[in-house]
Structure formats: C-alpha cells, structure tokens
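In what follows, a single structure is set out as structure tokens and then discussed.
The values are calculated or read from the model by the stated rules, or taken from the named source; none is laboratory data. Given the structure is predicted, the values throughout are model-derived calculations rather than measurements. So basically every Cβ, Gly included, is an ideal-geometry build from the backbone, and we count neighbours across all protein chains shown. Protein only, heavy atoms only, side chains kept; ligands, DNA and RNA dropped before computing areas. Shrake-Rupley method; radii C 1.70, N 1.55, O 1.52, S 1.80 Å.
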Amino acid sequence: MAGRRWGRRERALLWGVLVAAWEAAWGQLRYSVAEEMPKGSFVGDVAKDLALDLPALRDRGVRIIDRGRTQYFALHGKTGHLVTAERIDREQLCESAQQCVLRCELIAEGDMKVYGVEVEITDINDNAPSFKEIELEEIISETTAPGSRFPLAEAHDPDVGRNSLQSYELSGDEHFSLAVQAGPGGDQRPELVLAKALDREEAAFHELVLRASDGGEPARTGTARIRVAVLDANDNAPVFSAAEYTVRVAEDVPVGSTLLTLTATDADDGTNGHVKYSFKKITEKASQIFQLDSETGAITLMQSMDFEEADSYELEVQARDGGGLFDTAKISITLTDINDNAPELTVSSALSEISEDAPSGTVVALLHVQDRDSGANGEVRCSLAAGVPFRLEKSLENYYRVVTTRELDREEVPQYNVTVRAADGGSPSLRSSAVLALRVLDVNDNAPVFAEARYSARLAENNAAGALVLRQAQPNTDWRFSQTQRPGTSGSQNGEEGGAWPNNQFDTEMLQAMILASANEAADANSTLGGGTGTMGLSARYGPQFTLQHVPDYRQNVYIPGSTATLTNAAGKRDAKATNPSGGNKKKSGKKEKK
C-alpha cells in the first residue's frame, strides 16, 4: 500500500511538471500572489519555468512589458524571479470581481520570443463591511400592521468569498425584528420587520442598531444606527410608472445630458402625497457619474462615460412620500461602443541592420497591436507598405513578426524604411502606423566584369615609342598611361623583335584585354591586382610598363600618337569580319593598315 501511495504522489508531481512545461512551451506562464504584499515580493521563478540559466537570461535580453498604466511586476536579473513592483490592491483593480487576473508579457529579445504571463491576485480580508450612511431613518405610521417589512440599506464589503459580507444582526427593542432576503445575484438584503404594533402616544421614536459581519478570521464588522419615527396614518404609497427602466445610450453622450426622468404618483394629499426621489442602491463609481434630482426624478450625467471601463450600470431608486411610504424601481443603463480609440501599434523589438545575404524568413522586428474598443471597432487589420521584401506573420495573441521574403541586395537598395500600418474595423476606420529603419550590410558578392566580352585594336608597325591613351566620348575623362619601358615580344606567332610594340592582331588584343582588366580593377577599392593609389596593376609581364596618371572611363577609344591605330570592341570586329571575310590574315591586315 505504501508503495502504491508513493507511486501516486510521483505521478501527481510528474503531471504538475508536465503541465508547467506544456504551458511554458506554448508561451504562457501562470502565477498567483496575495494582494497588499510589499514591493519586491516573490511571484514566480521565471528562469526555472523557462529552463534558462541566469547568464542566458541576461544575454537574451529578457524583460517584462506591462501594457497597463502601472507597472505591477518586474524581473529580478540576479535571481530570474518575477517580483511585485508595486503594492497591489485587488479591490482597487477588480472591485467586486470574483477573480482578479493581471496580464503582462515577457519578451526575450535575443530569441525574438514572447511569453504571456498571468498573475492571479488573491484576496485577503483587508476590508470590513460598511454602510454608505451610518445614520439611517425610517418613518412608519402607527397604523402599520404587524408583519410589515421595510427594506434597509445594505452594507458593502469589497472583499470576495468568505472575506466578504456574510450576515446581519439587529438590536434595539421588541417592536422590531430582522429578516434577510436573498437577492437575484445571491446578495443579502436586510429588511426591518414590524413585530409589534406601534403607538405614537407611547413612543414617537425607536432607536435600533444594524450590524453587518464578514466571514474572515477574525471577522470584521460594520454598524449603522436606525432611527424609526412613528407618524399618523398615511393611506397610499407612491407608485412608479414601471418596476424597471431600461436605457441605452452612446458612450460619448455629453456631460449634463438627461438620461431618464422617473415618475412616481401618490394619491394622498399634502405631505403624505409629496414624493421625493433618492438612490436606494448605487456603487461608488456610479455615484460619481449619475445625479438624481430628488424633486423631478431626472437622472443626469455628471461626468463622461467610457465603454472600455464599464459597459453597463444598474441602479435602484426609491420614491418616498411625506408619510414614510415608498416604492422602488430598478434602472439598467447600457452603453453602446463608439470607435473612439485608434489602434496602438508599438515596436517591441527590432533590428537596425541586416546582412544582405540573410536567408528568407529572417525576423527583423516584433510588433504589438491593440485597440481598446470592442466588437468590430476593436478588430485590427495589419499590413505592410507595398513593394518591400518583407511580410507579416502572426505571433502570440496581438503580436506580429516582420520577416524577409527573400535575400536582400545592398547594391540595389542599401536601406529600407518599412511602414507598418494598423486599421480597425470602425466606420470611419481609425488608423496608426510605425516606421522601421533597416540598413542593409554589404557582403562581397560581386566580381569584376569586363564591359565587353572581347576587344580588338590595330597598331602601326612603325610606332616604336609613344604614349598609349584610352579616351571616352564624354568630356573631361580619360585614361592616360606613359610608356617607361618597351615591351618585349609576346612569344606568340608572328611576334616582332624585342623592344618593339606588337603589331600583329593577336598580341595587340591580348595586351588590350590586360590593360582594360587592370583599369577596371584599379578603380575598385577592393582590388587585389596590386598597384596602390594612382597606379594601375597589370600582369607580371606588362605590369612595370604603365603608370596610371588619371582615372577615366576606359571603355572607349585607344590610339597611339603619331599613328592611325584605333581601338574597337569585339562587336565592331565581328562586324568588320562579316563585311570583309578576307581580313582574317593578321599580317596582311597590319601591312594594309600601314599603307
């Protein structure tokens, strides 16, 4: 038996670990902490739950982002613990909600990952039941029959569960007792019950004490004093025109507007027929928004409403005549949402530069978008500007990743300013945008390229010395080389004597190709052909013979002063061959040019 019990415990522990690991793997962490804990209190071990050692936690740039107005949590860098950043009051944040959950995000910038964090704020018994008014007054006619009931003011306790309001007690005299009715929402409603007939001549007033208690340990209590005034007979009570009033208004209704005018009638005359209106049940927040005229029954707006903070209000109103008789009515005020919030688009993490050979699908930014409106007004569509090599990918909840769709080309576009746009579904639609500046880093992905696949030139055989000049048709640019040493024979067929310029077509084309290739490489800062500033590097054979004097475009004409030599490209040479097929004899071609 002991072995089986231990096996169950092990399985339960393993199951808990698997659940925690499953939640972390799906980007969700859940913790709980009691309210009113001091700043810096432990909430959860983030480093352990994400399986991160402390150096990795710092290196990956892990941080907490709280989208609310107040930062309630922080990440302790030395321990990897999630701690409270402020003292948290559950009642202030969640009022009377049964469950209070705060949400934030944990972002690892190094991995471009985001984890949702939910922290439940548990209640403590830090509030006692209290009455809105501690001095209450009831007016009851002496003709009122025993057993009649009169609703009393309810106590309010913002705590939840056992820590909230649990019971009422009444003390005073024998004429009254207490009854407690259960409301439709499970709330307790105290009623004053007339246990014995009143006699005004015997006693004009009765003093009672109403006590409310919660279920905490120890219990907290609140009290209110009730003064009952006994009056002469009042035959008719006020009656509202409806037991329940329903009002639907837009959240942007102007301050000072009248939302509803109540009407209660009383058939009595004089003071017994004069009706006054008052709120029977209203929350603290609603009392700051709505005002009730005690004489006219008009409910007006004292301050603006916000659908995103509260979408409905429920009130109870009482109409009481001068003789103490009354009637109650329920009022439901429902707000309709308008599109008054533009999408909020923020760049949670982004790169500032990227290599041009980064593979397709590289993440360059992490975006967060939210809209505080509801329904279609809160539905956000995101898009990128057209014509850029990036796309959006949906991440956790309201997060998007911007990724590349292909490799980039710095020589084509050295920098991108990517506009990310967000638009909601309202009419008209509200929009927002953000701009990502991304610089493309260069890699050595381009080789030198000849302007033409083949070049040709003709040189006069009597040109023994002189300067070789390459000219361009555009003004003020030329390549100029001075001859400091005569080249020897090329060693090819039909070569000339040592010290003479080559005058056959084969050697001339070879020399010309080397000159052009060296000029192209000399203009490139990354050239590996040798020849520093102002020098054009050549092959081992022709290298010492030429010095760069000026940097031009070298792809035009070549001539030798004192001769009729002219450079043409390969296409020109082919055209010449096509026109004159007999020009294939190189030696004859050279001599013909000399004549």
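Residue under question is GLU118, and the condition is that it be modelled with pLDDT of 85 or more, acidic (Asp, Glu), open to solvent by 20 Å² or more (accessible area, probe 1.4 Å) and part of a loop (DSSP other than H, G, I, E, B); does it hold?
The answer is no for GLU118.
From the list ARG162, ARG149, which one is closer than 28 Å to ASP123 by Cβ and open to solvent by 20 Å² or more (accessible area, probe 1.4 Å)?
Going through ARG162, ARG149 in turn, the sole match is ARG162.
From PHE73, PHE42, which residue is modelled with pLDDT of 90 or more and more than 17 Å from VAL114 (Cα to Cα)?
Within the list PHE73, PHE42, the selection yields PHE42.
Only one of ARG211, ARG189, ARG227 is in a strand (DSSP E or B), more than 26 Å from ASP327 (Cβ to Cβ) and either of a type in the set (Lys, Arg) or touching a helix residue (DSSP H, G or I) at 6+ places or on another chain (Cβ under 6 Å) (or both). Can you tell me which?
Result of the check over ARG211, ARG189, ARG227: ARG211.
For the stretch 355-403, which residues satisfy the criterion of being in a strand (DSSP E or B) and either open to solvent by less than 30 Å² (accessible area, probe 1.4 Å) or over 18 Å from LEU345 (Cβ atoms) (or both)?
The answer is SER355, VAL364, ALA365, LEU366, LEU367, HIS368, VAL369, PHE390, TYR399, VAL402, VAL403.
Considering (1) in contact with a Gly (Cβ under 8 Å, 6 or more places away or on another chain); (2) under 30 Å from HIS368 (Cβ atoms); (3) surrounded by fewer than 17 Cβ atoms within 10 Å (Cβ to Cβ), say which one ASP337 fails and leave the rest.
(3)
Taking GLU174 and the conditions (1) without any contact (Cβ under 8 Å) to a residue 60 or more places away in the chain; (2) outside any loop (DSSP other than H, G, I, E, B), which numbered condition does it fall short on, given that it satisfies the others?
All conditions pass for GLU174, except number (2).
May I ask you to verify whether GLU133 is open to solvent by 40 Å² or more (accessible area, probe 1.4 Å), in contact (Cβ under 8 Å) with a residue 60 or more places away in the chain, not in a loop (DSSP other than H, G, I, E, B) and not hydrophobic (A, V, I, L, M, F, W, C)?
no
Name the residues in the stretch 187-206 that are open to solvent by 60 Å² or more (accessible area, probe 1.4 Å) and within 60 Å of the chain's Cα centre (by Cα), would you?
Result: ARG189, single match.
Mind counting the residues in the stretch 230-254 that are open to solvent by 30 Å² or more (accessible area, probe 1.4 Å), closer than 18 Å to THR328 by Cα and out of contact with any helix residue (DSSP H, G or I) (no Cβ under 8 Å at 6 or more places or on another chain)?
The total comes to 7.
The conditions are (1) open to solvent by less than 30 Å² (accessible area, probe 1.4 Å); (2) out of contact with any Gly (no Cβ under 9 Å at 6 or more places or on another chain); (3) more than 20 Å from PRO146 (Cβ to Cβ); (4) among the hydrophobic types (A, V, I, L, M, F, W, C), and LEU262 fails exactly one of them. Which is it?
(2)
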